[in-house]
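The values are calculated or read from the model by the stated rules, or taken from the named source; none is laboratory data. Because the structure is predicted, anything quoted here is derived from the model rather than measured. Every residue, glycine as well, gets a Cβ built from its backbone with ideal geometry; the counts of neighbours run over all protein chains shown. Quick note on the areas: whole protein, heavy atoms, side chains included, nothing else; ligands and nucleic acids left out. Shrake-Rupley method; radii C 1.70, N 1.55, O 1.52, S 1.80 Å.
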Amino acid sequence: MNILILGSGGREHAFAWKLSQSPLCDTLFVAPGNAGTAQVATNLPLAFTDFGGIAQAIREHTIDLLLVGPEEPLVKGVVDYLRQQPDLTRLRIVGPDAQGAQLEGSKDFSKAFMQRHGIPTAASQTFTLDTLNEGLTYLETHALPIVLKADGLAAGKGVIIAETVAEAQSTLRDMLSAGRFGEAGHKVVVEQFLRGIELSVFVLSDGVNYKILPEAKDYKRIGEGDTGPNTGGMGAVSPVVFATDSFMRKVEDKVVKPTLAGLQQEGIQYVGFIFIGLMNMNGSPFVIEYNARMGDPETEVVLPRIQTDLVELLVAAADGELDKVPMQVSPQTAVTTMLVSGGYPDAYEKGKAITGLDQLDEVMPFHAGTVSQNDLVITNGGRVLAITAIANSLENAVRKSQEAARAVQFDGKQYRKDIGLDLIRYSD
Ligand code: AMP
Ligand code: GLY
């Protein structure tokens, strides 16, 4: 079968790498892709928000299965658009429609959804410009620190953790009346700060049945020891030592099952991935957020551990038959280290030649922001490469990933040297 993946990051390269290994996959396309996806698939020069162009490519290349990588096309309704095309009714799509993608596209929707279905999460209140004064008063008696979240998509930057009431009040004013985060900040969710350790849990849903994929820990801050500004993610590890069987049972019973039951009750036929950001608070899971897609760079450690044919799993999800496909997971540990451009997550330079990639062995260098130019691979984004290693121990996977991170060179390269070290200490 012919498969199209939408997106251009490390997540999409990892998907392309995995799907291309399946005997069920005939021709694989990625739109728009990067220099890495070009090694295992055919890149199509299409923006992932160009719905008309995507439909045309699906017809032209007789695509049977579409996998949507990033949130933006999902929230903007790419699935709804394609479902309305009378000649594409047989297309299998993995990704929720716009209503399902509201789990990520609106923090206000997702908080209300969790409240309706009794899913554990931080207590919260939502404010708009009309209720700004009420919000400012509400903040005066709120426990510190205070978490403020722009309602809409804000490229991972819409969460502010205010240490004082004054900071929280000025943030609320900035978002609601001064247009910080634009449209995304026209509603603000104010919530209680949760203390604990974070992890990411991934679910593949066919609308009724589900599979819980390997969990992962993401390293969000730019600096070692979790310091400095937030990024899209600087590295990831799977499995996570503190995700014990008993903790994961609680996640399944208190979070996964009620989430899927809630979606069904609300008439949302959710086919696709749900990425649940969780806080483990003294052994109990609390939902920080939902995403309507896989994580990046978490996908780069989750997929290498899945031994089952991913095409089979995705087809079963699209056909409502996930219960018929067993999933095997490797007990090995996968670690990925992200190489990023100088200056990232602020302004950064592009167009730097990358060297050393051909010297690597025993690792999977997933491309994020790269492009090919005259036989060279050059940098083309803030996050450039996610270098994944898989090994029998966390220590060995960390070592291999870090060695490769050192060996690959480009002007201004930065990476964290402490990916996974907290988990090694945790298990000691
Ligand atoms: P998000 O954009 O929702 O992923 O939030 C970014 C990060 O902010 C999360 O990964 C957490 O580290 C942190 N965060 C969000 N909400 C809370 C909360 N209620 N308590 C503590 N930390 C939070
Ligand atoms: N790594 C976090 C995310 O994909 O949102």
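Yes or no, residue by residue, for (1) more than 30 Å from TYR344 (Cα to Cα); (2) within 15 Å of ligand 1 (Cβ to nearest atom); (3) hydroxyl-bearing (Ser, Thr, Tyr):
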residue: LEU132; (1), (2), (3): yes, no, no
residue: ALA143; (1), (2), (3): yes, yes, no
residue: VAL165; (1), (2), (3): no, no, no
residue: GLY182; (1), (2), (3): no, no, no
**OP:** Tell me which residues, restricted to the range 349-371, are open to solvent by 20 Å² or more (accessible area, probe 1.4 Å), at pLDDT 95 or above and either under 21 Å from GLU224 (Cα atoms) or not in a loop (DSSP other than H, G, I, E, B) (or both).
**Re:** ALA353, THR355, LEU357, MET364, PRO365, VAL371
**OP:** Please tell me if VAL159 is closer than 24 Å to GLY196 by Cα and within 16 Å of ligand 2 (Cβ to nearest atom).
**Re:** yes
Original post:
Residues in the range 168-185 that are open to solvent by less than 70 Å² (accessible area, probe 1.4 Å) and either more than 16 Å from ligand 2 (Cβ to nearest atom) or among the charged types (D, E, K, R) (or both): how many?
Top reply: 12
Original post:
When you scan the range 200-223, how many residues do you find that are touching a helix residue (DSSP H, G or I) at 6+ places or on another chain (Cβ under 9 Å) and away from ligand 2 (no atom under 12 Å from the Cβ)?
Top reply: 14
Original post:
Hey, which of the strands (runs of 3 or more DSSP E) in the range 110-217, taking only ones fully inside, have at least 3 residues that are in contact (Cβ under 8 Å) with a residue 24 or more places away in the chain?
Top reply: 124-128, 146-150, 187-192, 197-206, 210-212
Original post:
Regarding THR299, is this residue within 16 Å of ligand 2 (Cβ to nearest atom), under 16 Å from the mean Cα position of the chain (by Cα) and over 30 Å from ALA122 (Cα atoms)?
Top reply: no
Original post:
Any residue in the range 23-36 that is part of a helix (DSSP H, G or I) and either modelled with pLDDT of 95 or more or not aromatic (Phe, Trp, Tyr) (or both)?
Top reply: no
Subject >> Residue tally, condition among the small types (Gly, Ala, Ser), within 11 Å of ligand 2 (Cβ to nearest atom) and crowded, with 18+ Cβ neighbours inside 10 Å, over the range 257-296 >> reply: 2
Original post:
If only one of GLY7, GLY69, GLY77 is out of contact with any Cys (no Cβ under 7 Å at 6 or more places or on another chain), at positive phi and surrounded by 24 or more Cβ atoms within 10 Å (Cβ to Cβ), which one is it?
Top reply: GLY7
